[in-house]
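A quick write-up on the structure given underneath.
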């Protein structure tokens, strides 16, 4: 399953601190990456479909988000398995970064 | 019904986006189309607020390129799935079909009433619950309501042509995609009524011409597909709340959406009966499509404006929630007549009572 596609990893991270609806995920990803990762609805729901099928996330309930409007929205949350996959992917990337640091491709942690 | 104001640019962009959603494979669109449109709307609205028209334009560009790429990807995946099925690697239907296949048990009641003021009933309705399990699985149940207009009995003729043509064409259409089937069926009905108008030498604005609204809902597993022209309605009642699925093609509904009229004002507005889209007056007609997922315990209400224009939403919700379909239909019609019964009244109530 690893490496994850950027969209899937971002969605896992967006859901790591609690369930969100589709637009909530989209907004969080855009904010966290300073707008550099902008997912369209097609990428978002294509990824959601694959992640539901492989058990990384699950749909919870439908309820309105009073911050947006009074429409009912479906919420998604991380499964146990999804959390473990996100951890494994983070460790994989961390190891990769350590290699980059030892080879001085990337400055040591904390600096640039 | 929702008091949140949607800016015109956002409404236009969303309409285009909903149309473009048709490029996705049917399974994908049925499952996520509604949420995608909902997400797109919220995103557009917030982008317009924060970044203005230019931001909205950028968003549309991004969405379009995203749509092309992901639509191709989803089609590729469906093709692969089909190939695997052909070679016997996967069971027919694949993964998506498992979730969609479970048929619902339905309780249905329907009735049409002339009302108190009209001399003829121009409404027509029908329900089809296929007996053949394969047809039920492939095409699902069908509910159609039409509100005809035209002098003498022409309105009744138009609405009858609409509901019967939709039934015939929908069940004969072999394509899997319910939305495309329903749109095709309504367009056929339009062509037929238009041809009959032409054959009788009727000009477009002639009083002798006939036309009709038409709303058709197909329920296949948990997927409800609604196709609409005019101001007849489909409501879904879920968890104690009633939501209109269709969008009226009426002047007052547009004014309510734009925020220039409140729903209460629309109810008594003197042009409340004016619709700008119906079957029979032009060779081509544009059909709106809405896709919803329904659950066990949900209720559906289809009706003409003789009901929705006379009885408050809260009251309709209360009746449909409290009584079984038969009693609901009886009470809905009684309430509309008690409110003066100015128009013909038609209602179909469906209870989704669970899986077989």
Per residue Cα convex hull volume in Å³ - calculated over region B:8-86: 71 Å³
Virtual spin-label span in nm between residue A:77 and residue A:17, 7 Å along Cα→Cβ: 1.7 nm
Under a GNM of chain A (C-alpha, springs under 10 Å), which listed residue has the highest mean-square fluctuation: A:35, A:82, A:24? A:35
Could you state the principal axis extents of the C-alpha atoms in region B:161-303, from the largest down, to the nearest angstrom? 51, 44, 19
Given R₀ = 41 Å, FRET efficiency for residue A:36-residue B:243 by Cβ-Cβ distance, to 0.05? 0.65
Going by the alpha-carbon gyration tensor, a ≥ b ≥ c the square roots of its eigenvalues, is region B:192-266 rounded (a/c under 1.5) or, if a/c is not under 1.5, prolate (a/b greater than b/c) versus oblate? oblate
Would you look at the GNM of chain B, springs on alpha carbons closer than 10 Å, and say which of B:329, B:236, B:256 moves the most? B:256
Shape of region A:53-112 from its Cα gyration tensor (a ≥ b ≥ c, root eigenvalues): rounded if a/c is under 1.5, otherwise prolate when a/b > b/c, or oblate? oblate
Shape verdict for region B:296-356, please, from the Cα gyration tensor: rounded (a/c under 1.5), prolate (a/b greater than b/c) or oblate. prolate
Using only Cα atoms and rounding to the nearest 10 degrees, what angle (0 to 90) does helix B:26-86 make with the longest principal axis of chain B? 70 degrees
To make sure I understand, if each residue's beta carbon is the centre and we count other beta carbons within 10 Å, what order do B:257, B:49 fall in, fewest to most? B:49, B:257
In whole Å, what are the extents of the protein assembly as shown along the principal axes defined by its C-alpha atoms, from largest to smallest? 89, 53, 46
Alpha carbon convex hull of region B:102-355, projected area averaged over orientations, nm²: 12.9 nm²
Among B:209, B:259, B:280, which one shows the highest mean-square fluctuation when chain B is modelled as a Gaussian network with alpha-carbon springs under 10 Å? B:259
When averaged across all projection directions, what area in nm² does the alpha-carbon convex hull of chain A cover? 8.1 nm²
Exposure proxy check: B:323, A:9 ranked by fewest other beta carbons within 10 Å? B:323, A:9
Let me have the 222 nm mean residue ellipticity of chain B computed from DSSP H runs of 4+ only, each contributing -39500 (n - 2.57), with the sum over all residues rounded to the nearest 500. -16000 deg cm²/dmol
What nm value, rounded to one decimal, do you get for the distance between residue B:318 and residue A:60 when each label is placed 7 Å out toward the C-beta? 3.4 nm
Which ordering of B:270, B:74 is given by a fewest-first count of other beta-carbon atoms within 10 Å? B:270, B:74
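We did not get these values from a lab; they are worked out from the coordinates using the rules stated. Keep in mind it's a predicted model, so treat the numbers as computed, not measured. Every residue, glycine as well, gets a Cβ built from its backbone with ideal geometry; the counts of neighbours run over all protein chains shown.
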